[in-house]
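Rule-based calculations on the coordinates, nothing more; no lab input. Model, not experiment: these values are computed from the prediction. A quick note on method: Cβ atoms are made from the backbone with ideal geometry, for glycine too, and the neighbour counts reach across all protein chains shown.
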Amino acid sequence: MNLFSGLEKFGLKADEEMNLFEDESKKGSVAGGVTKEAEIPTEETFLLPKAVRCAVCDKVFKRKMVKNGRVKREEPDMDLRPRHQYIDTLKYNITSCPFCGYTALNNYFEHLPAGQVKLVQEKICANFKPEPQKEEDEIKPYDYDTAVAMHKLSLFTAIAKKAKTSEKAYNCLVISWLLRAQKESLSDDTEENKAKKEACAKEEEAFYKQAYDGFLKAVATEMFPMCGMDQSTVDYLLACMASHFKQYDVASKCIANVLTSVSANRKIKDKALAMKEEIVAVIHKEKGN
C-alpha cells in the first residue's frame, strides 16, 4: 500500500516501498557521501560577558559568565566536585573588580555590609595595582593558573573582610578542586609537566586540609544552609574529606547523620551508603595488614 497516494497532484511521486523510519545515520552526508563528525565546541562558546557593579568602588565592569543553559552536567567526583562537558565551570565561579581588586565568589560578591566594604578598602584596594583592560579578552577562557590565582585573591579578600568561616572554607575547597582539575589536564610527556603535576597535588592537599578544618569549625558555629548547601550535603562532604584524611571516626559520624536525616534526599543517602561500604572495606583491609 502506498501511504503517500494522492501526492501526485503536487507533482510528487513516492515509492510504495519507501521506509518512513529508515536509519538516516547509515547514510552519508549529501556532499561526498562522508559522514561529518560533530565538532567539539570551544570553551568560548559557553561564555558571555556580564556587566557587574562593584560593591566597593561602585564602578561597572564585565565578568565572564557561563551560559548555564548550554552546559551539560557530568557525574561529579565523590566529594561533589562538579564536572561539565567541554568546560570547567568552577573557573568562572569568581568575580574580581579590575579597578579596586575586590574579589569574591559569585554568590558573595554583590552583597557586602558597610563594615566589610571599609575593611576591603583598607586592606585590599589601598594596595591593589590594576591591570590594563582589554575588550578582546571579554570571553577569552581562563587557564587554570589564572583561575587559581583569582580564587586565592578571593580567599585573601575573605580573610581581610573577616568573612564567615564557611565562606573561607569553601574558597579553600574550590581552590583544591581547581588544582585537581589542573593536575588532571596535564600529561606526563615532559619533565616540566611532571613537576607541575606534583606541585599541583601538593598544593591541592594543603588547601583541601584547610577546607576540611574550616568546615569542621563552621558546622559547630554557624547555621544552615551553608555556602548554598543544606546540612546533609555538608555532612556528606565532610565524610568524604574525613575519609580522605583517614579520620574514619569523623567520617562514620557524618555518614550516620546523613543516613538518619529525615530531610536528606535519596540521592545523597545513596552516596553516603556507598561511601560507608568503602570505608568499612578499607578498615577491614588495614586491620588485615
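Quick notes on this structure:
- Label-zone membership for segment 146-173, site E122, 7 angstrom Cα→C-beta point, backbone N under 13 Å: 160-162
- Dipole-positive endmost among S176, S166, Y108 within segment 45-225 (Cβ charges, Cα centre): Y108
- Of S232, S185, the sequence from fewest to most neighbouring Cβ atoms within 10 angstrom is S185, S232.
- Filter on K168/K267; K72/K217; K168/K202; K161/K217; K91/K209; K162/K271 - keep pairs with C-alpha separation over 23 Å: K168/K267; K72/K217; K162/K271
- Per-residue ³J(HN,Hα) for segment 68-82, Karplus 6.51 cos²θ - 1.76 cosθ + 1.60, θ = phi - 60°, Hz, x for Gly and Pro: 4, x, 9, 8, 9, 6, 10, 4, x, 5, 4, 8, 6, 4, x
- When the P(r) of segment 45-225 is calculated, the portion above 29 Å amounts to 24% of the C-alpha pairs.
- Table column - 3J(HN,Hα) (Hz), segment 151-167, Karplus curve with 6.51, -1.76, 1.60, x for Gly and Pro: 6, 5, 5, 5, 5, 4, 5, 4, 5, 5, 8, 6, 5, 4, 4, 5, 5
- The simple spin-label model puts a point 7 Å past each Cα toward its Cβ; for K285 and M78 those points are separated by 0.9 nm.
- Around the Cα centre of segment 145-265, unit charges on the Cβ atoms of Lys, Arg, Asp and Glu (plus for the first two, minus for the last two) sum to a dipole of about 440 debye.
- Each of D230, D145, D188 was scored by other Cβ atoms within 10 Å of its Cβ. Listed from fewest to most, they are D188, D145, D230.
- Per-residue Cβ neighbour rank within 10 angstrom, fewest leading, T233, T157: T233, T157
- Measuring against 20 Å, Cα to Cα, the residue pairs K67/K129; K67/K152; K152/K196; K50/K118 contain K67/K129; K67/K152; K50/K118 as the ones spanning a longer distance.
- Note that segment 243-254 has calculated 3J(HN,Hα) couplings of 5, 4, 8, 6, 9, 5, 5, 5, 4, 5, 5, 5 Hz, one per residue in order, obtained from phi through the Karplus relation 6.51 cos²θ - 1.76 cosθ + 1.60 (θ = phi - 60°); glycine and proline are x.
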